[in-house]
Every structure is written in C-alpha cells, then in structure tokens.
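I have placed the structure first, in the form of structure tokens, so that the comments after it can refer back to it.
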C-alpha cells in the first residue's frame, strides 16, 4: 500500500513538471514573438527617424546632407542585446537586435565634425606650406615638437558617440597659436643667424690673423707657428653652447641651444708673440739706425747753438728717444749692446727715454700716436726707463747704461706711451 502511494505521488509530480515545462515553452514562444515584433517596430522607428533627419538636412547644409548619406551604416546602429524570460523556476535567455536612435544624433555630429575638420585641415595644410617655405629647416625642426600638442590638436568626441565612431576626433585650428609659432621661429632664426655670423666672424678673424702673422714670418719659422696653432686651436677658437629662452603665451616656455665660436685674441697674441720672439730673438739693428724715422724723422744734425747727448749701452740693445720741452720726440736712435751713439741737438731742455730689450721685431705693433701705428720693438726682456729733464747749452750729456759702483745716474721707470707719444 505504501509503495502505491509513493508511486502515485511521483506520477503526480512528474505530471506537474511536464505541465510547467509545457506552459513555459508556450509562454516563451509568445515572448519570443513579442521580442521579434519589438525588434521590427523599433527598427521601423529608427528608419523613420533617419528619414526625418534626412528631410531636415536636405533643407539645410547640403554638405552635411551628403556626408550623412555617405557615412550612414544601419548595421553600425544595430547592437545585440540580451533579455530573459522566467516562469516559476524556469528561465531562458534570448538575444535581440536594437537600432539605437542615438546613432542618428551621433552621425549628425560626425558629419558636422568632418566638415569642420576638412576646413581646419585645409587651413593647417596652408600654414604648413607657408611656414615650410618661409622658415625651411627651422620649421622642419620645430613643427613635429608642437604638432600634436599645440598646432594640430585632436579632441575626442563625447563618450556616448565613441562606440559608434571610435576613430573620430575633432581637429582644431587656432590662428593665435600659429601666429605665436611664426613669431617664435622668426626669433629663433634671428638668433641662429646671429650665432652663425659670430662664428663665421671668429673663423674669419682667425684665418686673417694667421695669414697676417705668416706673411711676416720666415719660412723656417712657419712650421713652428703651425705646430703651436695646432696645439692651442681649441683655446683660440672657443666653441660654447649658449642656452636661449622664448616665452610664448600659447606655446609656453621654449628652451633651445646654439653653438657659438669666439676668437680668443689674447691666446692667439701669446702664440704670435712667442713665434716672433723665436724668429727675431737674435735680430739686432745697427747702431744709429732710426726705425721710427717715418714718424720722428731721421735728423741728427745741428749747425748752431748745439749740445750733445751721448749714450753708451750695457748688455742690452737700447732704443733711445729724446723729447723736447713740448713733449715731442725730436731724436731717436738704436744702439747695439756695448756701443755708443751721440745725438746732436739744439740747446734747450730735454728728457731722455731708454727702451731696452732683446731681439728686434720690425713688425711689432707698439702704440698709436699722431703718426698712426708705431711698429718695431723688442720681443723679450723689454724695459722702459727715463731720466729727469735736463738743460743743455753748448754742453755734452753722457749716459752709461751699465752698473757702476758709485755711479751718478739713476733712471726712473717709464712706459711705452710715455716714451713714444
């Protein structure tokens, strides 16, 4: 009896399960049909909205209308969605297609953006062509640095449209930024040109200075000069990196560098002096020579009311200048070491200057005076000295430029300008 009851309950439950499943299938098919009708109705609404939008656009900007029809793709607007049907403990998923009305709005926005992008790209291309011709290498250098961040910025579209058009962005053109870019490149080119001119001038001065020195050198000293230049050229032509800044309200602070070359005349002059010392270190003029005759004359004659100044040198050659009461050089002469020379002068008041040294360089620049450039001087051991003013009337003044015990001459230090001007 008990078994019969259990079997009866089982059959009852089985019948109930089968009934539920039957009802679920029936209701699910009804739901599927409703979903299909919804798909069709919703797609019809979408297509009507599309036609309404086309009608609206046809009465407006024809370019937007053309782009809308060109870009329209119904499959892009349709997405697949999931829903489910439940009945008691049973549940089943179903997929359906949904045409988003939002696609039409996004497509409209895309057409507007594409039209404006076309205008902006044309403006940008014109600027690129203009600046390429005007600024050349400078534009090629700096355009890539500012292109994406400043000059050709791409703005993303709204998030709600990005699913339909993931590659769409808005290209911007800002005339103010391009104007600032042109101002910057003009300033950059100007500073670059100044830097190049400075470097070219330094190279020219160097080449001219080398040529000038070589023109005054003997053949056996030129190799010595070239060797000195080779060793010290980096210290003569000095290349430095100069940092510049340009502050733009739209481009920001721009920092850039230039390499400039400068001519170090002091270092070159030291080498030049050393080379001339090498060339002229044993050179000496004859006693009585007057190397500055083009400036001070070569007169050593006096025929009435005359006095004499006699100079005997010691271990160094000496160039003597004699100034009158007005401070003008009236006599000068070269005296070799250990020799004596006598100057004949009219009676009067005079001051005697002594320029001593070793090795006479006839091309050495000394100073500039009323005659122009005074050239000729010793290459080493230079020393300027002088005596006080002396008055001579039919007298002889003798100078012995040698160290003597209990001597009566004590000269004072002097200078090049004092002796020659």
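Each reported figure results from applying straightforward, stated rules to the coordinates on display, with no laboratory input. In this text the structure is predicted, and so the values were computed from the model without any measurement. Backbone-built Cβ (ideal geometry, glycine too); neighbour counts: all protein chains shown.
Would you calculate the separation in nanometres between label points at residue 388 and residue 163, each defined as 7 Å from the Cα along the Cα-to-beta-carbon direction?
About 11.3 nm separates the two model spin labels.
Return one number: the angle in degrees, 0 to 90 and rounded to the nearest 10, between the long axis of the Cα atoms of helix 219-236 and the longest principal axis of the Cα atoms of the chain.
Approximately 40 degrees, to the nearest 10.
Of the candidates 240, 216, 160, which one comes out as most mobile in a Gaussian network treatment of the chain with C-alpha springs shorter than 10 Å?
Greatest mean-square fluctuation among the candidates belongs to 160.
Specify the angular offset, from 0 to 90 degrees and rounded to the nearest 10, of the alpha carbon long axis of helix 137-146 from the longest principal axis of the alpha carbons in the chain.
40
Work out the FRET efficiency for residue 201 and residue 66 from their Cβ-Cβ distance, taking R0 = 56 Å, and round it to the nearest 0.05.
That pair, residue 201 with residue 66, gives E of 0.35.
With everything on Cα atoms, drop me the angle between helix 62-71 and the longest principal axis of the chain, reported from 0 to 90° to the nearest 10.
With both axes taken from Cα atoms, the answer is about 70 degrees.
I'd like the distance between the alpha-carbon centres of the range 1-29 and the range 303-371, rounded to an integer number of Å.
First find each Cα centre; the distance between them is then 146 Å.
Would you mind ranking 53, 326 so that the residue whose beta carbon has the fewest other beta carbons within 10 Å leads the list?
326, 53
Select from 19, 141, 251 the residue whose mean-square fluctuation is largest in a Gaussian network model of the chain (Cα-Cα springs shorter than 10 Å).
19
Between residue 369 and residue 274, what is the spin-label point distance in nm, taking each point 7 Å from the Cα along the Cα→C-beta axis?
Taking the two extended label points, one gets 3.2 nm.
So how do 161, 306 line up by other beta-carbon neighbours within 10 Å, fewest first?
Result, fewest neighbours first: 306, 161.
Report, in deg cm²/dmol and to the nearest 500, the calculated mean residue ellipticity at 222 nm for the chain, where each DSSP H run with n ≥ 4 adds -39500 (n - 2.57) and the sum is divided by the residue count.
-16500 deg cm²/dmol
Apply 1/(1 + (r/R0)^6) to the Cβ-Cβ distance of residue 192 and residue 172, taking R0 = 41 Å, and write down the FRET efficiency to the nearest 0.05.
It comes to 0.90.
Given the Cα-Cα distance of residue 182 and residue 58 and 0.36 nm per residue of separation, how much length would full extension add, in nm?
40.5 nm
Given the options 17, 213, 352, state which has the largest fluctuation in a GNM of the chain using a 10 Å cut-off (strictly under) for Cα springs.
Among 17, 213, 352, the largest mean-square fluctuation in the Gaussian network model of the chain belongs to 17.
How much length would be gained if the chain were fully extended between residue 22 and residue 315, taking 0.36 nm per residue of separation minus their Cα-Cα distance, in nm to one decimal?
91.5 nm
Which length gain, in nm to one decimal place, applies between residue 411 and residue 82 when the Cα-Cα distance is subtracted from 0.36 nm times their residue separation?
Extra length available between residue 411 and residue 82 comes to 106.7 nm.
Label-point separation (nm) for residue 302 and residue 208, each offset 7 Å from Cα along Cα-to-Cβ?
With each label placed 7 Å out from Cα toward Cβ, I get 4.5 nm.
Fewest to most neighbouring Cβ within 10 Å: what's the order for 49, 74?
With the fewest neighbours first, 49, 74 line up as 74, 49.
For percent of Cα pairs over 29 Å apart, the choices are (i) 63; (ii) 47; (iii) 73; which was calculated from the structure?
Given (i) 63; (ii) 47; (iii) 73, the structure-derived one carries the label (iii).
Apply 1/(1 + (r/R0)^6) to the Cβ-Cβ distance of residue 245 and residue 116, taking R0 = 51 Å, and write down the FRET efficiency to the nearest 0.05.
The pair residue 245/residue 116 has a calculated efficiency of 0.90.
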